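> Before I ask anything, here is the structure I am working with.
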Ligand SMILES: [Zn+2]
């Protein structure tokens, strides 16, 4: 499952490929994603321009700018763009059958992810596929409304993406053959496409007309980013709960973006047992854990994240941090520090990997919950 370093890598890859680009059309597959896609979003997205690409926790945030005039004025005949952007016509006989309701098609057939190209086209399809008037889009800054100055004085729009378990969010030339499990395609104004592929479909793509509102909601649910966390904040958050360290690190309201892999690696680096009750940590141990979280995540970002199964960055490249795991996924193998065999046990409902010698749970307050005791090596 992509965690912070993987999402950050995707964001860094996508940033130069997307910033300044105009989304000219959107297509969705028939398959349902983790969060519902509103078919009306395709028309709203068409014509917006990418202002920035960011990350918050494990979310990818694509900041958009509205077109200055909504809806787009129809193009005079024969004055289209220079023919470099075919409006993705539906292949003959490959459309939806009849007048299906906007909901997703029944699943279970065609799991190879055949793209139903015009899915969201019933609402505003023509607007969505209209070529932009000449002089717009490509570098035409005045054609777009600055941030926070949307129609009616509202906020600016946002495309929010979560990679779920197997999501891939990449930019490729539009003539790149479509892979299976492709669920959303955002056509760009430069002959490329932003593609969302997700085999297991725990991921999602959502459009928000009011960026500020959704960010405010997210900030209410997410703790601070794990870089440069305030030491006092972290000590208070950790010291205020009897849950074990694994549970605390996985809690996105404490620190945003940490998942199973990096929680295990951070505990190892801090020499702290993942099953240790958080409120038994000394201030120094709290500080060590905070620094370990930041160090592990920083190093993983430098390595473009970890590719366990399907993860690739925004340019399609795999990560490299999986080659540097000290404990994660290394049950029975040697601890890189002391050569003891790495152990796997369940904490916070998740498989947790640790060195029973370096990450000693003994001699502290009694461990909470049902976990097995670990034995001290010699
Ligand atoms: Zn060890």
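> Using Cα-only point scatterers and the Debye equation, what is log10 of I(q)/I(0) for segment 315-362 at each q in 0.16, 0.23 Å⁻¹, rounded to two decimals?
After summing over all Cα pairs, the log10 values are -0.49, -0.81.
> Shifting gears a bit: Let a ≥ b ≥ c be the square roots of the eigenvalues of the Cα gyration tensor of segment 203-321; is it rounded (a/c under 1.5), or, if not, prolate (a/b larger than b/c) or oblate?
oblate
Just so you know, all these numbers are worked out from the coordinates, no wet-lab data involved. Computed from a prediction, not measured in an experiment: that's the story for all the values here.
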